[in-house]
Structure formats: C-alpha cells, structure tokens
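All remarks here apply to the structure that follows.
The values are calculated or read from the model by the stated rules, or taken from the named source; none is laboratory data. Given the structure is predicted, the values throughout are model-derived calculations rather than measurements. Quick reminder, even Gly has a Cβ in these numbers, built from the backbone with ideal geometry, and neighbours come from all protein chains shown. To get the accessible areas, we keep the full protein, side chains included, count just its heavy atoms, and leave off ligands, DNA and RNA. Shrake-Rupley method; radii C 1.70, N 1.55, O 1.52, S 1.80 Å.
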Amino acid sequence: MNTTNCSVYLGEWYQKEADLNRQLVVSFFPSDKSVELVDLKTRKTFLRRTKIEELCENDFFIGAKLLIFGKQINILDYGDAKTRSKKANEQLSFGMIKADALLHVGEILTKLHQTGLGVRRLAMLKIDENYASILKSARSDTSSLSYLMDCMPSQSFLALEIIGNNAYNQYRELCGPESVAEAKEVAPNTFRGLYGNDVYCSRSPDDAGAESRFIFQNNDIKLVLRSSALYTNSTLCIIKPHAVRDGKAGEIITEILKKKFTITAMKMLRFERANCEEFLEVYKSVVPEYESMVMQMISGDCVALEVTNKYDDSSSTYQSFRDYCGPICPEVAKMTRPSTLRALFGKNKVLNAVHCTDLEEDTTLELEYVFKFLC
C-alpha cells in the first residue's frame, strides 16, 4: 500500500476508564480512506492502518473532532512539516446567503459540494436589536469589516465558512462578477447571475478569514447575532452525518423547500456522545438500533433545520413534516411512500438520512435543545 501520500496530525483521546488524555499520532491515507493511530509517548501502534469509509480529507483540521471506532479523537496540531505545508495551501472562504437566495440555499450547497468545496461552519442568524450597539462599536473599531456590515441584512441570513484547495478563488468564481448586471450578461449561471447580490463573497482571502472569525468565533458578536429560530408551529429536522458526508444536505434542503415548507433556522453541529444520548434517550428502551443511532449521529457533522408551515397556520408542521420524512426504514418507505425523504436519501434504519421529531409535545424541547443549548 502507498504510505507516502498521507497526512499526519497530533491528536488526543480521553480514556475515561483511566481518566487520562492519550496523545496520538494520527495518519490519514486519502488513497483508501485508511487511518493509523500511534501512541505518541510509547510509539506503540494503537490502531493498525484500517479503512474508515466515513472519513475524508476535509474532516481533518486543527480543532476537528473525529469518531474512530467509537473513540472521539480531537485533532490538536499538524504532525509533520509536509502536512503543515499541504494544509497551508488549503484556503478558507466566507459566504453569506440572504433574502430571496435563501429559497435556493439547497442548490447553492449542492454546487459547492460538486465543486469540491466543503462547509466547515454554517448558521442561519439574525441581528438582535437589543444588542445592535455592539455591532456598531465593532464597525467603528475596524474598517476591514465595514463591507461585510454594509451587506448584512436586518432579516435572517445564512453564514458559511467554506474550505478546500483554493477555496476563496473557487467560491469567488462561483459567485461571478461583483456587478450583478455584468454577471447576468456574461456569467448567467453564477450565483450573482442567478440570485443577484443576495449571495455574498468577501473581497479578499484575508477579508474572508477575518469575516469568518468575526461571525463564528467572536464571543461579543454571539450576543448580537442570534439563531433565527421561531419555536412556533415548527419542528426539527436533522440531516444525519452520512447524508452530509455524501453531499446530500443541499439536495435534501431543496426537496424540503419544493414541498412548500419554510426553513426558519439552520446550523451545522457535531454532537458529543453525552449530548446525543440525552437527545435520543426516548428511543433507548424502544428501538433495538439505539446504540447504532447514537454512533451515527456522533460520527460527523449534522445540519439541523427548523422547519415550519410559516404561511399555513391551518395545518400542523409537526405532522405534515413527519409524514414527509416517511417511515423510519427506507426500504419500507421506498415501497409504500417513494416520494418521502427517507425513501429518496435513506439507506437503512440507521442511515435513514434525516431525524425528525417523533412526538408533537417534544417539538419545542428538541428545537430549543439544538438551537439554544448546543453550541
């Protein structure tokens, strides 16, 4: 097997039984999606090179939390100069989707995936007017963020941190010319050609990094930019890690919007095991696949959605959306209700593409748990 084309990282695993943080050398081989773990202190092999189908190159970055055979490995640093140099060529870009373009967010996410770009962070946000003075203060402190703030709407918008090789230039090319008139004339299939100025692109790679940190990592700004969740006649949908990893999140969102549901909140998150067990506790003594369900949900990034029949108060969002998700088993769904989400995107009872709230009385509880409690 080829051992030269691998990326090496320093990782850490908390061994609960020994109350010990074990330092590991984590090697990832993209050619066959295999991983090798070596104990940094003893230099003994902790896991021989083993193929893990669920992992890909974009899963590995400083700060990543990886699930490898039930063990959560936190990536702390690069493990060699070659990996550090290779990752230095990986760019970050920042995007914002607003107004009418939010109706096409599924197509935009799908296009990013088809281009080979990944989304590391994603959140639908809205300015809390009670704390808007903090935003004004930040603007006066730095002129580099003025362009972003000028483009930031008062209504809900979706912020994205986009990663990949040459990510900034690739995303800028997808957006098209800055002039909407020019985009519509010479590049009609770009985001600006299709959606006008409702898709935002930073003006430089440095600006993209600064804007992403400002939106996603600035603790003061977290007071200003709150989740856009409504918690009224709405329900929760979680696109599971296997579907996100396969690039199906955009397609699923597109299908939901086609059915005239409205997505009023969205965020990318990764469950810790304890949080996931608590979230899925209702299934623990009921569903034989409970442990497998937990392992799937903590295996990677999820995309959580608040879904509502915003313009149809006569029907319950909970029931209509639960019906649209379909039977929990995709094989049954394909035979009995082939147009449902699980029939279209599911593989089996565990890899069934989406979680939806099963009990009507749990809708607000689940939504608040995901959009208020989980960071």
Problem - Those lysines that a straight Cα-Cα span of less than 19 Å connects to Lys87, excepting residues fewer than 8 apart in one chain - result: Lys33, Lys65
Completion exercise
Sorted by chain and then number, the residues having a modelled amide H within less than 5 Å of the amide H of Asn166, at least 5 places away or on another chain, are Gln91
Exercise for the section: Using only alpha carbon pairs under 8 Å that are at least six residues apart, calculate the relative contact order of the chain and give it in whole percent. Expected result: 15 percent
Completion exercise
Checked against the positive end of the charge dipole of segment 66-181 (+1 on Cβ of Lys and Arg, -1 on Cβ of Asp and Glu, about the Cα centre), the farthest of Asn166, Ile134, Ala181 is Asn166
Problem - Calculated Rg and Dmax of segment 158-203 using C-alpha coordinates, Å - result: 10.4, 29
Fill in the blank from the handout: Sequence order, segment 73-81: Karplus ³J(HN,Hα) from phi using 6.51 cos²θ - 1.76 cosθ + 1.60, θ = phi - 60°, Hz rounded, Gly and Pro as x, gives 9, 8, 7, 9, 6, 6, x, 7, 5
Exercise for the section: Compute the separation of the alpha-carbon centres of segment 203-253 and segment 270-286 and state it in Å as a whole number. Expected result: 22 Å
Handout entry: Where only alpha carbons of segment 260-307 are counted, the Rg and the Dmax (Å)
Key = 12.5, 35
Exercise for the section: Can you sort Phe94, Phe216 by 1.4 Å-probe accessible area, starting with the largest? Expected result: Phe216, Phe94
Handout entry: Alpha carbon centroid spacing (whole Å) that separates segment 298-375 from segment 17-46
Key = 36 Å
Problem - Prolate/oblate/rounded label for segment 1-115 (Cα gyration tensor, a/c 1.5) - result: prolate
Handout entry: Residue-wise HN-Hα coupling along segment 231-238, computed from phi with Karplus coefficients 6.51, -1.76, 1.60 (Hz; x: Gly, Pro)
Key = 6, 10, 6, 9, 8, 9, 10, 10
Completion exercise
Row for segment 175-226, column shape: gyration tensor on C-alpha, a ≥ b ≥ c, rounded if a/c < 1.5 i.e. under 1.5, prolate if a/b over b/c, else oblate; value prolate
Practice task
Taking DSSP loops as anything outside H, G, I, E and B, show the longest stretch in the chain free of GluC sites (Glu not before Pro) there with at most 13 other beta carbons within 10 Å.
Solution key: 54-177
Practice task
Would you calculate the separation in nanometres between label points at Glu173 and Lys222, each defined as 7 Å from the Cα along the Cα-to-beta-carbon direction?
Solution key: 3.6 nm
Fill in the blank from the handout: Checked against the positive end of the charge dipole of segment 323-375 (+1 on Cβ of Lys and Arg, -1 on Cβ of Asp and Glu, about the Cα centre), the farthest of Thr336, Val370, Gly326 is Thr336
Problem - Amide hydrogen neighbours beyond the local backbone of Val119, cut-off 5 Å, H modeled - result: Ile163
Fill in the blank from the handout: Of the candidate values (i) 32, 29, 21; (ii) 35, 27, 20; (iii) 44, 21, 18, the one computed for semi-axes √(5λ) of the Cα gyration tensor in Å from this structure is (i)
Fill in the blank from the handout: Of the residues Leu20, Val105, Pro153, the Cα lying farthest along the dipole of segment 14-173 towards its positive end, which is defined by charges on the beta carbon of Lys, Arg, Asp and Glu, belongs to Leu20
Practice task
Along Cα→Cβ, 7 Å out, is where each label goes; now give me the distance between the ones at Asp150 and Val282 in nm to one decimal.
Solution key: 4.8 nm
Fill in the blank from the handout: Computed for the chain: size of charge dipole around the Cα centre, +1 on C-beta of each Lys and Arg, -1 on C-beta of each Asp and Glu, debye to nearest 20, value 920 debye
Practice task
Starting from the Cα gyration tensor of segment 197-237, take the square roots of the eigenvalues, sort them a ≥ b ≥ c, and report rounded, prolate or oblate (rounded when a/c is under 1.5, otherwise prolate if a/b is larger than b/c, else oblate).
Solution key: oblate
